[in-house]
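The values are calculated or read from the model by the stated rules, or taken from the named source; none is laboratory data. Nothing here was measured: the structure is a model prediction, and the numbers come from that model. Virtual Cβ from ideal backbone geometry, glycine too; neighbours counted across all protein chains shown. For accessibility, only protein heavy atoms count, side chains too; no ligands or nucleic acids. Shrake-Rupley method; radii C 1.70, N 1.55, O 1.52, S 1.80 Å.
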Amino acid sequence: LKDPTIFNESNLRLVHSRLQNSKITNTNFTNALEYATKGDLVYLDPPYIPLNKTSNFSKYAKEDFSVLDQYALAGVIEGLSQRGVRVILSNSDTKLTREIFGNFLDLHKVTAFRSISAKASSRGDVNELVGVNFKIKTKLELVKTRLVV
């Protein structure tokens with residue numbers, strides 16, 4: 001965008017009003033999700049499992065989000081499912097992703113457009129997975145979804 005809006009007063013006031021009964025915390029995903037109850041919907045967007053050996057970005061925080069963290073997240077998803085919490089997860093479409101989350105979620109391939117990458121040649125459509133632990137009305141709707149990030 002040539003001239004992005006940095007401050008939008010009406011939007012900021014709307015967000016303020018919507019957050020009045022919210023609790024904002026700074027904690028890890030395990031602690032944050034312990035309060036989810038039956039009927040809640042949780043969207044999880046962890047650092048993605050790398051597509052290959054050279055694509056290894058996982059630093060969203062001081063420590064990496066490792067493969068062990070991905071397995072821990074799968075365990076948390078299993079617990080959420082047992083409590084009746086609905087879960088949506090997005091991650092890369094890799095064999096490892098399917099191995100880790102495939103037992104707990106219905107995984108659906110979607111196409112996502114990546115406009116940011118270190119190499120211009122790496123920008124474009126990539127396959128990702130969206131996993132859900134509940135029935136969706138039409139799988140075709142989800143599969144044909146094009147995520148733009």
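Residues of the range 15-38 that are among the small types (Gly, Ala, Ser), out of contact with any Leu (no Cβ under 8 Å at 6 or more places or on another chain) and under 24 Å from TYR71 (Cα atoms): ALA32 alone. When the range 111-141 is limited to residues that are assigned to a helix (DSSP H, G or I) and either open to solvent by 90 Å² or more (accessible area, probe 1.4 Å) or under 19 Å from VAL87 (Cβ atoms) (or both), the one that is modelled with the highest pLDDT turns out to be SER121. Picking from residues in the range 35-52 that are part of a loop (DSSP other than H, G, I, E, B) and touching a helix residue (DSSP H, G or I) at 6+ places or on another chain (Cβ under 7 Å), the one that is farthest from ILE136 (Cα to Cα) is ILE49. When restricted to residues that are within 13 Å of GLY102 (Cβ to Cβ) and either open to solvent by 20 Å² or more (accessible area, probe 1.4 Å) or in a helix (DSSP H, G or I) (or both), the range 72-89 contains 3.
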